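The structure appears below as structure tokens.
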Amino acid sequence: TYDYATNFVEGKAIVTADNKTMIINPENEVLFTFPNKMYSSNTFSEDMLVVEYEGKYTYLDNNFKKQNVSFDYAGSFVNGYAVVGNFIDGSMKYGLIDKSMNLIIDIKFDFLDNYYDGYLRCATAINAKNNEYAYSFINLDGNYLKNKGTILTYDFALNFSNGYALVANYDSEELYGTYKVYNYINNKGETPFHFNFRRI
């Protein structure tokens, strides 16, 4: 028994006992004991583990080697990349790294989501109408998704999946809420299905 334990993911679990934090395998063998000032309550993802070390976040690889990077925020790896962040001028900004710890997208976004289907959902501005993010999509080369040369921006957007993303813009204020007009876009910035639907 342990004072704390995560689920097993990729054959490893994080546990604490006797004031020690350890990584174990399903045979209850200790694979790694965390040194002082290093903590984690995450699970491995794509052979990388997010750990906190001396007040910053970094990664342990599958051989339990601490990576030579540190951030104010570090997300789990998804599809080969991880969102990381640092406080800049008092606010958190986000960028993207690969497994070699190379910065693929500069740390400059107010919001940055995981990488799916060639694009990341991102935001650098607040929509004044509803005080929420105005979302766009950016690829690993730093190019925004455009249509006829114009960057596509939405009041609402989900990640791409199977080549399509659900997006919406606000339409009108009603008694019980704000209506959005929804549609799907493809990874060329087109709306191939030629329909709109509304929902509160």
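Of the residues making up region 46-86, those that are charged (D, E, K, R) and surrounded by 14 or more Cβ atoms within 10 Å (Cβ to Cβ) are E46, D47, E52, K56, D61, K66, D72. Got at least one residue in region 47-65 being part of a loop (DSSP other than H, G, I, E, B) and of a type in the set (S, T, N, Q)? Yes, some residue in region 47-65 is part of a loop (DSSP other than H, G, I, E, B) and of a type in the set (S, T, N, Q).
Taking region 143-158 as the range and being without any contact (Cβ under 8 Å) to a residue 24 or more places away in the chain and under 19 Å from D106 (Cβ atoms) as the test, the residues that pass are N143, Y144, I151. If you go through region 109-126 and keep only what is open to solvent by less than 40 Å² (accessible area, probe 1.4 Å) and either outside any strand (DSSP E or B) or of a type in the set (G, A, S) (or both), you end up with D110, G118, A123.
The values are calculated or read from the model by the stated rules, or taken from the named source; none is laboratory data. Predicted model only: the values in this text are computed from it and were never measured. Backbone-built Cβ (ideal geometry, glycine too); neighbour counts: all protein chains shown. Surface areas here come from the heavy atoms of the whole protein model, side chains and all, with no ligands, DNA or RNA. Shrake-Rupley method; radii C 1.70, N 1.55, O 1.52, S 1.80 Å.
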